[in-house]
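The values are calculated or read from the model by the stated rules, or taken from the named source; none is laboratory data. Computed from a predicted model, the values in this text were never measured in an experiment. Cβ atoms come from the backbone with ideal geometry, glycine included; neighbour counts cover every protein chain shown.
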Amino acid sequence: MSTNLWCDRDNYKRALKNWIEKDEKFLAIGISDSQELRDIAIWIKNNAKDIYSTGMAHFDSDVEIQKHMLLQDLTIDLGEDKTFQNFYKSLRDIETNYLKLSIKQDTGSQASAEGAIKIEDISQTVNIYGSINEPAPPEVSKERQINQLFIEFISDLRKLNGNRSFLLIIRFGKSGFNKLSPDFRHWFLQNFCRKIVLSENVKICILNQGNTDDFKDLYPKCDENITEYLELNDIVNETEIHIKKLTPNYKDFCYGVIEPETNRVKYNDFKRKLLAYIKRIGSSAG
């Protein structure tokens, strides 16, 4: 059994397969557990690979997200500068301009009052951002120019219309999307999501550790919140698939992992115990 398995969730799997195959452009899924957040992303990518080229990005709520880094992360599995040529050219231009300005400023500081510059005194140094006259570092400039970078990003996607279809899977972990900075959340909802889905060849799937409330107004009825628990019938079916051939007593395992009062178990607890059980009976059988 692969550790990447998305345990059971048959109803959700059927709905997701239907979404992957249909023309609906946007989906937001609320997930309680960090393990399931990872499992579902891998499951979606594997089940969409025959239809879409998939770009993935993951950010936790305790990290300050730079908008241009989201765009860059999404390109990693999609060919980077080979596919997003205009986008990467703009990134390189920002970095090159900073280097030129930094060198020019440092050279100017070595000039005498008469304008003479001693050759041996010329050096290339990295300036610390802070002075009014110093150029902004590349990371700051990229955020300031995010609108232009985003235009180039979308342009590169649309140029491939008809040749490739893209699925962008974006995960927000820990406390989820609503704990990110207001500036990023506004840009992501009102700019990124709304403009990306206007491209004919792109779908977006948001996986949020938390609820989907922030996305309801943007795309009504395009969200799903997955419960934290698995029911007994669910785990019986899942366990049968993986260990029935190893032991006929797999139902005993199921009754042992559920909470007797509720006949259910948390997703992460079930997966951890199932993997340990398979390993144990596999070792015994060997």
Among the residues that make up region 68-89, is at least one of them small (Gly, Ala, Ser), in the same structural domain as TRP187 (by TED's automatic domain parsing) and buried (at least 16 other Cβ atoms within 10 Å of the Cβ)?
no
Looking at region 192-235, which of its residues are in contact with a helix residue (DSSP H, G or I) (Cβ under 8 Å, 6 or more places away or on another chain) and on the phi > 0 side of the Ramachandran plot?
GLY210
Here are some conditions: (1) assigned to a helix (DSSP H, G or I); (2) of a type in the set (Lys, Arg); (3) surrounded by 13 or more Cβ atoms within 10 Å (Cβ to Cβ). LYS203 meets all but one. Which one does it not meet?
(1)
Take the conditions hydrophobic (A, V, I, L, M, F, W, C) and farther than 16 Å from ARG9 by Cα and apply them to VAL236. Does it pass?
no
Kindly indicate which of GLY282, GLY256 is at pLDDT 90 or above and assigned to a helix (DSSP H, G or I).
GLY256
LEU27 - would you say it is assigned to a loop (DSSP other than H, G, I, E, B) and either touching a strand residue (DSSP E or B) at 6+ places or on another chain (Cβ under 7 Å) or outside the structural domain of VAL202 (by TED's automatic domain parsing) (or both)?
no
Any chance PHE215 is under 18 Å from GLU24 (Cα atoms) and either among the β-branched types (Val, Ile, Thr) or in the same structural domain as MET56 (by TED's automatic domain parsing) (or both):
yes
Return a yes/no flag: does region 275-286 have any residue that is in contact (Cβ under 8 Å) with a residue 24 or more places away in the chain, outside the structural domain of LYS49 (by TED's automatic domain parsing) and closer than 30 Å to SER61 by Cβ.
yes
